[in-house]
Amino acid sequence: MGFITLMPCQRAVAQGEYTGKYLYVGPDTRESGGIDLQLGRAFPKPSIAVAVSRRLHEAYRGQIMDGGGVIRFRHLPTGVYDILLVNDRAFFEGIRLVGRSGSVAAEDDSDAALIRAEVEKIEGFFDHKQVHRIEFSDGKAGVLVQQWRTGETLKQSGEVVSGSVHSVDFMIFEKRLTAWQLTKRRQLYREELRYRESLAHHPTPALGNVRVTGRVKVVGPIRAPNHGRME
């Protein structure tokens, strides 16, 4: 992912391409763990699949097979993973943001408002941001954010991007006295899409809490969630 410069004329110029090829951890052939994720027949077919480790929040890209009905992850270290699936109109996720299961506690509305204000300051290249979920636990907040740019954007070649650049980000904030400070950000998805509106968000708990040991774990088939648009 290249550097991005904002220009006075409200154009953005990228030194490189917009794809997420550098977002993901490469396979370690010494690891024998993996996931075979099976999707139900009615589940919308993804174009990108990502497994997120709970321990280090590292992202691993999966191989889409069988016309989008099977997602294969290989060479995963032992641990627990949550999965993100994305196509050009929506994303589906079962990501646990902070805390252990059952330990997430809601803060008051003022904390959520402070975090949303901090999110607005991050990566000015994107002119639209949407906070989809915030989880609080023990002075930390996990945040799932979608960002996208509808303003004119130029590639390094000078070619105008015809659609928009979209990103899905996982962020950790920690509370310092009365302020919330960003301490970790993991970009899980970044692609150029032909649509300029936001991706629909579908929380999908069945995509979370996949425990991997030294073998391939089969998960699913996962049923399609409610297709109503989620904010």
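Tabulated values for the structure
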item	result
Ascending count of other beta-carbon atoms within 10 Å, so fewest first, for 29, 204	29, 204
Under Karplus coefficients 6.51, -1.76 and 1.60, residue-wise ³J(HN,Hα) of region 40-54 in Hz, glycine/proline x	x, 4, 8, 6, x, 6, x, 9, 9, 10, 9, 9, 10, 6, 6
Charge context of residue 214, other residues only, Cβ under 13 angstrom, K/R +1, D/E -1	+3
Label-point separation, residue 223 to residue 30 (7 Å along Cα→Cβ), nm	4.3
Label-point gap, in nm, between residue 213 and residue 130 - each point 7 angstrom along Cα→Cβ	4.1
Footprinting exposure proxy for 121, 45 (fewest neighbouring C-beta atoms within 10 Å first)	121, 45
Trypsin sites (Lys or Arg not before Pro) restricted to DSSP loop in region 46-79 with at most 13 other C-beta within 10 Å	55
Highest-first arrangement of 166-173, 139-146, where packing means the average Cβ count within 10 Å	166-173, 139-146
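Coordinate-derived values only; no laboratory data. Predicted model only: the values in this text are computed from it and were never measured. Every residue, glycine as well, gets a Cβ built from its backbone with ideal geometry; the counts of neighbours run over all protein chains shown.
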